[in-house]
Structures are given as C-alpha cells and as structure tokens.
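The values are calculated or read from the model by the stated rules, or taken from the named source; none is laboratory data. Values in this document were obtained by computation on a predicted structure and should not be read as measured data. Methodologically, a virtual Cβ is constructed for each residue, glycine included, from the backbone with ideal geometry; neighbour enumeration extends over all protein chains shown.
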Amino acid sequence: MAKLRTTKWDASEYLKSEEDVANYMAAAFEDGNPDLIALAIGNVAKARGMTEIARKAGVSRENLYRSFKKGGDPRLTTLIGVMNSLGVKLTAAPI
C-alpha cells in the first residue's frame, strides 16, 4: 500500500480578494469557535502582511502572532485594533 502524502495547507495563501476575506471571516464568526475565529483573523493578517497590520494595530508582530493562533485569546483592545487595521467592522447581531 502506498503511503499517503500530505502537505501543509495555509489559508492565508488563498485570501486574495476582499470577498475571499469577508467570506472566510464570516464563516469563522458564524461557527462561533474562539480558536477558529482567532486563527481566521491571524490568517487574514498574514495574508495582508503581519508587520504592517501589527504596526497599524499598535502591537508588536510577535504579539500579533501569539494572539491570533490556536488558543491565543487576544485582548479586546488587540482584537479591535487588528480588525480596524484589516478594514473589517466588528458588529453585533441577534442570534
């Protein structure tokens, strides 16, 4: 039997358009899993350039990576700063 080969998949490589980003982030927020949301935000930031997003959000690049990985649990100020620097509005809607 042949060995199954896998490759690492990086979502940030596929987030090319604003529509891609919006759909990806909407799906993560709809799922509601905090780890998935943090990971999605991190992937979008990576696709847009972590250094620039960190600068605009007023956090260090290392803090950005740490905050938006699985289990990262970013502070609210970091979350809002990154969302603003990504050009994405964080809103509330009834469930």
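Matching residues to (1) surrounded by fewer than 13 Cβ atoms within 10 Å (Cβ to Cβ); (2) of a type in the set (A, V, I, L, M):
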| position | (1), (2) |
| --- | --- |
| 3 | yes, no |
| 25 | no, yes |
| 32 | yes, no |
| 35 | no, no |
| 44 | no, yes |
| 52 | yes, no |
| 56 | no, no |
| 77 | yes, no |
| 86 | no, yes |
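Go over the candidates 2, 27, 38, 47 one by one and state the one that is assigned to a loop (DSSP other than H, G, I, E, B) and small (Gly, Ala, Ser). Reasoning before the result, please.
Details: 27 fails: assigned to a loop (DSSP other than H, G, I, E, B); 38 fails: assigned to a loop (DSSP other than H, G, I, E, B); 47 fails: assigned to a loop (DSSP other than H, G, I, E, B).
Going through 2, 27, 38, 47 in turn, the sole match is 2.
Quick test of your reading of the structure: residue 6 fulfils all but one of (1) over 30 Å from residue 95 (Cα atoms); (2) among the β-branched types (Val, Ile, Thr); (3) at pLDDT 95 or above. Name the failing condition by number.
Result: residue 6 fails condition (3) only.
Name the pairs: first residue in the range 12-34 and free of Cβ contacts under 8 Å to residues at least 40 places away in the same chain, second residue in a helix (DSSP H, G or I) and of a type in the set (S, T, N, Q), Cβ to Cβ under 8 Å, at least 6 apart or on different chains?
12/43; 15/43; 24/43
For residues that are in contact (Cβ under 8 Å) with a residue 24 or more places away in the chain and surrounded by fewer than 13 Cβ atoms within 10 Å (Cβ to Cβ), tally how many sit in the range 58-72.
Going through the range 58-72 one residue at a time, the tally reaches 2.
Go through the range 62-95 and count every residue that is under 19 Å from residue 32 (Cβ atoms), touching an Asp or Glu at 6+ places or on another chain (Cβ under 9 Å) and not in a loop (DSSP other than H, G, I, E, B).
Going through the range 62-95 one residue at a time, the tally reaches 1.
How many residues, within the range 73-90, are touching a residue at least 24 places away in the same chain (Cβ under 8 Å) and either of a type in the set (Ser, Thr, Tyr) or over 22 Å from residue 27 (Cα atoms) (or both)?
1
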